[in-house]
Amino acid sequence: MLGSGLSTQVGASVAALAFPVIGPVSVVAVRQWMAGAVLLAVGRPKLWTITKRQWRAVLALAAVFAVMNLSLYTAIDRIGLGLAVTLEFLGPLAVALLGSRRMVDLLCALTAAPAVLLLTRPQATSDYLGIALGLLAAVCWACYILLNGIVGRELPGVTGSAAAAGVSALVYVPIGVLVLWQHPPTVAAVSYALVAGVLSSAVPFLVDLLTLRRVPAQFFGVFMSVNPVLAALVGLVVLDQHLGPIDWIAIAVIVTANAVAISVGAVTPRSGKLSADGE
């Protein structure tokens, strides 16, 4: 989960470097194409074996995947990486709050929530469209967590993820061609978008699918509160976005909440020791 989050944020920061040349829509299109190509090559799904019921879940995941990326990247372009990712995190936080049956998950989520809100303070903006897009990405991320778990249970291996990525890539073919025609790309801009496709789509898509087979969706949602932290660190290193002392205090609170949730979640009620499968 940590590797997935870090890969996502590094990919998003690299993608932001291409925005001035080809815009966020083109970056998302190239990212979807790359993710679709990688996942189809890795998963090699036998599409003819997928049932109608399974296709419904796959298509829903493809739609969420496409909208989530477009809304997030457009939000990043308008309000910055840190604030956009912070708003997007409200999605998995909602999953944690609504789906948890453990008091510790609830307490950790409630502890992380004000810290996440505090991170928005130095980057407050009157760009209400950017904020709305960040919130739309939050809704999509919540749906992504739940749908990815369903697809992982319904279909073997990475069949469902590969099929969803392939469908999403096809949807972006006419959109991407049109936008790239209007905004001629450079080699550097396309390279950034391709790297973003691998780091922010292919890698986390596969990792999240495997993760959601081993951990509950609400625990996954709690742990995803680390993403604003990773976004702040990556923004500092890659995009030279600096944070104040109060922001780093908020980051420390989020990390602590995650550490508590992970430590308690890894202990079995009977033995009090770490189980082999992490349950």
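The values are calculated or read from the model by the stated rules, or taken from the named source; none is laboratory data. Everything numeric here is computed off the predicted structure, so don't read it as measured data. When we count neighbours, we look across all protein chains shown, and the Cβ atoms used for this are built from the backbone with ideal geometry, even at glycine.
Quick rundown of the values:
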quantity: Evaluation of Y172 against (1) surrounded by fewer than 20 Cβ atoms within 10 Å (Cβ to Cβ); (2) at pLDDT 85 or above; (3) not small (G, A, S) (one fails), failing number; calculated: (1)
quantity: Hey, F89 in contact with a Pro (Cβ under 6 Å, 6 or more places away or on another chain), part of a helix (DSSP H, G or I) and crowded, with 21+ Cβ neighbours inside 10 Å or not; calculated: yes
quantity: Residues that are within 18 Å of G23 (Cβ to Cβ) and either within 14 Å of the chain's Cα centre (by Cα) or at pLDDT 80 or above (or both), drawn from the range 80-109; calculated: L81, A84
quantity: In the range 63-101, residue nearest to L118 (Cα to Cα) [restricted to those that are among the charged types (D, E, K, R) and touching a Ser or Thr at 6+ places or on another chain (Cβ under 9 Å)]; calculated: E88
quantity: Residue within the range 186-195 that is at pLDDT below 70 and more than 26 Å from V42 (Cβ to Cβ) present; calculated: no
quantity: All helices (runs of 4 or more DSSP H) inside the range 171-247 with 1 or more residues being of a type in the set (G, A, S); calculated: 187-197, 217-223, 226-238
quantity: So A231, is it crowded, with 19+ Cβ neighbours inside 10 Å, touching a residue at least 40 places away in the same chain (Cβ under 8 Å) and more than 16 Å from P114 (Cα to Cα); calculated: yes
quantity: Residue in the range 151-164 that is assigned to a loop (DSSP other than H, G, I, E, B) and either touching a strand residue (DSSP E or B) at 6+ places or on another chain (Cβ under 8 Å) or without any contact (Cβ under 8 Å) to a residue 12 or more places away in the chain (or both) present; calculated: yes
quantity: Any hit, the range 60-74, residues being within 30 Å of I251 (Cβ to Cβ), over 17 Å from the mean Cα position of the chain (by Cα) and among the hydrophobic types (A, V, I, L, M, F, W, C); calculated: no
quantity: Matching option when the condition is surrounded by 17 or more Cβ atoms within 10 Å (Cβ to Cβ), more than 29 Å from V42 (Cα to Cα) and free of Cβ contacts under 8 Å to residues at least 24 places away in the same chain, among A113, A75, A84, A94; calculated: A113
quantity: Residue match in the range 121-133 (condition: out of contact with any strand residue (DSSP E or B) (no Cβ under 9 Å at 6 or more places or on another chain), without any contact (Cβ under 8 Å) to a residue 12 or more places away in the chain and under 27 Å from L209 (Cβ atoms)); calculated: no
quantity: Filter pass, G3 being at positive phi, modelled with pLDDT of 85 or more and not charged (D, E, K, R); calculated: no
quantity: Residue within the range 49-64 that is at pLDDT below 80, part of a helix (DSSP H, G or I) and either under 21 Å from R153 (Cα atoms) or not small (G, A, S) (or both) present; calculated: yes
quantity: Selection from the range 71-86 of residues that are out of contact with any Phe, Trp or Tyr (no Cβ under 9 Å at 6 or more places or on another chain) and in a helix (DSSP H, G or I); calculated: S71, T74, A75, R78, I79, L81, G82, L83, V85, T86
